[in-house]
Amino acid sequence: MKTIDIHTHLLSPETRFNRLYDKIAVRFFARKLGTDPKRLMSNPYDTYVESMAKAVRESQYLEKACLFAVDARFDKKGREVKRDKTVCSMTDDVLAVTARYPDQFIPFFSINPWRDNALELIEQQVERGCRGAKFLQNYWGVDLNDEHLIPYYEKLKALKIPLIIHIGSEYTIESFANFEHPNMLELPLATGVTVIAAHMGLGRFNHKLLLWRNLSKNPRYFDDDYYRLLDMLKQHDNLYADISAILAPLRARALRHLSQQTDVHHKILFGSDYPVPFSIRLNSYDLPAKTTKAINQLDNPFDRYTAAILEYFPPESQIYQNHKKVLR
């Protein structure tokens, strides 16, 4: 079985692991991501790119990975107001990496719709080889149902460019929770854009008193957004969803349930959300210890992620081939 990872990220060339989250991730997860911790700390960007390309190339399951940029935050007057120095990589950076590693990566652009020349930039980046678009509207603070965005969506539709929209919790970057729910999909879908909802609407810390419910495998305690998204997948022909970052504990508990929702499997795409850390041994899914121990011993981070998913979606599952429906 070979597939395409529909959801991976390029870090910013300005990355310096100074944030507390970054330092923890580097210390505990760098080797599990196929990266040497000391080299990653001393030369973050080059080490990250080289290690990621090597992991894709050597993976027994991946053909390629879709590599995302994440644009900066802008106000409605087109002025840049914030750029996260770890997460925000520009589309030019993604294109440079994919030119260097064309057999490993497929470039996706990220263009904040409040940029003055957003529509022109879309055409330029598609001409340069980008095959998809990535929104992190919860970081940008952009309401995707703002009718001023209709020309942006129409441009994507005309160029047959799929749009990946973050749906669900966000813990790796400052975000506005009001813009993380499935209602953000409504106007892009109505305009006719092919939309991919990332993360299955899972991962929110919903139960503040009975904390154990946040890790419970009982479907009655899953996120409301998860069930709303399942319904929307059945209602909209132009809506898909990916399982990126689903191995995070607040999401992994839903894997068995999702594997049984066979009426939407033709709309689910495989994705990892690399480099977001994930745990194999300590997690909320229902895999036996012997299985998780064997998976955890795999060196390649993409193969380790895929091996866990294969326990729920066997090699013949549609999710590994659905990328063919959305990528030009």
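All conditions in (1) of a type in the set (Asp, Glu); (2) in a loop (DSSP other than H, G, I, E, B); (3) more than 23 Å from residue 3 (Cβ to Cβ) hold for residue 123, with the sole exception of (2). Take the stretch 199-218 and flag every residue that is of a type outside the set (A, V, I, L, M, F, W, C) and surrounded by 14 or more Cβ atoms within 10 Å (Cβ to Cβ). Within the stretch 199-218, 199, 201, 203, 204, 206, 213, 214, 216, 217 meet the criteria.
Residues in the stretch 78-93: is at least one outside any loop (DSSP other than H, G, I, E, B) and buried (at least 24 other Cβ atoms within 10 Å of the Cβ)? Within the stretch 78-93, one or more residues are outside any loop (DSSP other than H, G, I, E, B) and buried (at least 24 other Cβ atoms within 10 Å of the Cβ). Within the stretch 30-61, the set of residues being surrounded by 14 or more Cβ atoms within 10 Å (Cβ to Cβ), at negative phi and part of a loop (DSSP other than H, G, I, E, B) comprises 30, 35, 59, 61.
Can you give me the number of residues within the stretch 225-264 that are among the charged types (D, E, K, R) and in contact with a Gly (Cβ under 7 Å, 6 or more places away or on another chain)?
Selection size over the stretch 225-264: 4.
Screening the stretch 156-198 for residues that are in a helix (DSSP H, G or I) and touching a Lys or Arg at 6+ places or on another chain (Cβ under 7 Å) and picking the one that is surrounded by the fewest Cβ atoms within 10 Å (Cβ to Cβ) gives 191. Scanning the stretch 112-127 for residues that are of a type outside the set (Gly, Ala, Ser) and surrounded by fewer than 19 Cβ atoms within 10 Å (Cβ to Cβ) yields 115, 116, 117, 119, 120, 121, 123, 124, 127.
Which residue, of 269, 247, 298, 255, is of a type in the set (A, V, I, L, M, F, W, C) and either surrounded by fewer than 23 Cβ atoms within 10 Å (Cβ to Cβ) or without any contact (Cβ under 8 Å) to a residue 24 or more places away in the chain (or both)?
298 is the lone residue from the list that is of a type in the set (A, V, I, L, M, F, W, C) and either surrounded by fewer than 23 Cβ atoms within 10 Å (Cβ to Cβ) or without any contact (Cβ under 8 Å) to a residue 24 or more places away in the chain (or both).
If you scan the stretch 131-148, which residues turn out to be under 21 Å from residue 178 (Cβ atoms) and either under 22 Å from the mean Cα position of the chain (by Cα) or of a type in the set (Ser, Thr, Tyr) (or both)? Within the stretch 131-148, 134, 135, 136, 137, 138, 139, 140, 141, 142, 143, 144, 145 meet the criteria.
Got at least one residue in the stretch 99-112 being out of contact with any Phe, Trp or Tyr (no Cβ under 7 Å at 6 or more places or on another chain), of a type in the set (S, T, N, Q), closer than 24 Å to residue 4 by Cβ and at pLDDT 95 or above?
Yes, because at least one residue in the stretch 99-112 is out of contact with any Phe, Trp or Tyr (no Cβ under 7 Å at 6 or more places or on another chain), of a type in the set (S, T, N, Q), closer than 24 Å to residue 4 by Cβ and at pLDDT 95 or above.
Rundown of residues vs (1) within 17 Å of the chain's Cα centre (by Cα); (2) exposed (fewer than 14 other Cβ atoms within 10 Å of the Cβ); (3) not in a loop (DSSP other than H, G, I, E, B), yes/no style:
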position	(1), (2), (3)
26	no, no, yes
63	no, no, yes
98	no, no, yes
103	no, yes, no
129	no, no, no
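Suppose the filter is surrounded by 21 or more Cβ atoms within 10 Å (Cβ to Cβ), modelled with pLDDT of 95 or more and closer than 24 Å to residue 179 by Cα; does residue 71 pass it? For residue 71, the condition - surrounded by 21 or more Cβ atoms within 10 Å (Cβ to Cβ), modelled with pLDDT of 95 or more and closer than 24 Å to residue 179 by Cα - is met.
Please enumerate the residues belonging to the stretch 132-169 that are among the hydrophobic types (A, V, I, L, M, F, W, C) and closer than 14 Å to residue 184 by Cα.
135, 136, 140, 142, 144, 149, 150, 163, 164, 165, 167 - these are the residues of the stretch 132-169 that are among the hydrophobic types (A, V, I, L, M, F, W, C) and closer than 14 Å to residue 184 by Cα.
The values are calculated or read from the model by the stated rules, or taken from the named source; none is laboratory data. What you are looking at is a predicted structure, and each value in this text was computed from that prediction instead of being measured. So basically every Cβ, Gly included, is an ideal-geometry build from the backbone, and we count neighbours across all protein chains shown.
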